[in-house]
Amino acid sequence: MPLDDCRVIELPKMSDPRGNLSFVESDSQVPFAIQRVYYVYDVPGGTDRGGHAHKNLHQLIIAMSGSFDITLDDGKDKKKFHLARSYYGLYICPMIWRTMDNFSSGSVLMVLASTKYAEDDYYRNYDAFMNARLVK
Ligand code: T46
């Protein structure tokens, strides 16, 4: 799938003087059924994460707190996104190499994912990812 299929999705925001509320439902705000939620936190300053692609996984990444950058690469083009609001999510389709950096102090990166964890869904080697890209 091309990089253009990845996009920032604006989530519903129920604005309220008591505090705002946003929500995500399977096959509604996201184009997949959600099977897993995980989150990354306590990231030391200057750390890079990611450096892999998924064969079949669809994901939505939300900055629940703080901010960070995500760079997406489909083997041809690259695009960088800055996530800083919990009512925006970055949808990432399969076969996209991603790296995350520039985490602010106290940031929390949450991911809604279309499948349970499976290590064999990963390309953790860029050359292997590029070879697979060429045959797809
Ligand atoms: C991604 C980015 C945004 C599990 O056991 N279960 C899980 O659900 C996940 C996601 C990871 N793990 C294990 C696998 C590794 O031993 O946790 C360890 C750290 O995972 P990783 O180095 O892949 O973490 P990140 O932050 O580089 O990447 C993660 C996701 O793996 C990946 O799908 O897109 O967040």
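Annotations for the structure displayed:
- Scanning the stretch 55-72 for residues that are within 14 Å of the ligand (Cβ to nearest atom) and assigned to a loop (DSSP other than H, G, I, E, B) yields a total of 4.
- Within the stretch 1-24, being under 17 Å from the mean Cα position of the chain (by Cα) and either more than 30 Å from M130 (Cα to Cα) or not β-branched (V, I, T) (or both) holds for M1, P2, L3, D4, D5, C6, R7, E10, L11, F23, V24.
- Just one of the numbered conditions (1) among the acidic types (D, E); (2) more than 13 Å from the ligand (Cβ to nearest atom); (3) touching a residue at least 40 places away in the same chain (Cβ under 8 Å) is not true of D127: (3).
- Qualifying residue in the stretch 1-20 (condition: hydroxyl-bearing (S, T, Y) and more than 12 Å from the ligand (Cβ to nearest atom)): yes
- Look at the stretch 70-96: where a residue is without any contact (Cβ under 8 Å) to a residue 24 or more places away in the chain and a partner is within 15 Å of the ligand (Cβ to nearest atom) and of a type in the set (D, E, K, R), sitting 6+ places away or on another chain with Cβ atoms under 7 Å, you get K80/D69; H82/D69.
- Against the numbered list (1) within 30 Å of L134 (Cα to Cα); (2) touching a residue at least 24 places away in the same chain (Cβ under 8 Å), S65 comes up short only at (1).
- Inter-residue pairs, beta-carbon under 7 Å, first closer than 17 Å to L57 by Cα and in the stretch 10-34, second among the charged types (D, E, K, R) and in a loop (DSSP other than H, G, I, E, B), 6+ apart: A33/D27
- Scanning the stretch 13-36 for residues that are in a loop (DSSP other than H, G, I, E, B) and surrounded by 13 or more Cβ atoms within 10 Å (Cβ to Cβ) yields V24, S26, Q29, V30, P31, F32, I34, Q35.
- H52 vs. criteria without any contact (Cβ under 8 Å) to a residue 24 or more places away in the chain, outside any helix (DSSP H, G or I) and within 12 Å of the chain's Cα centre (by Cα): no
- Those residues of the stretch 83-120 which are surrounded by fewer than 16 Cβ atoms within 10 Å (Cβ to Cβ), within 25 Å of Q29 (Cβ to Cβ) and within 14 Å of the ligand (Cβ to nearest atom), in sequence order: K116, Y117, A118
- Test: residue in the stretch 73-82 that is within 11 Å of the ligand (Cβ to nearest atom) and closer than 26 Å to L21 by Cβ: no
- Qualifying residue in the stretch 59-79 (condition: surrounded by 14 or more Cβ atoms within 10 Å (Cβ to Cβ), aliphatic (A, V, I, L, M) and out of contact with any Leu (no Cβ under 9 Å at 6 or more places or on another chain)): no
Computed from the coordinates by the stated procedures, all read-outs in this text should not be read as laboratory data. Since the model is a prediction, treat every value here as computed from it, not as a measurement. A quick note on method: Cβ atoms are made from the backbone with ideal geometry, for glycine too, and the neighbour counts reach across all protein chains shown.
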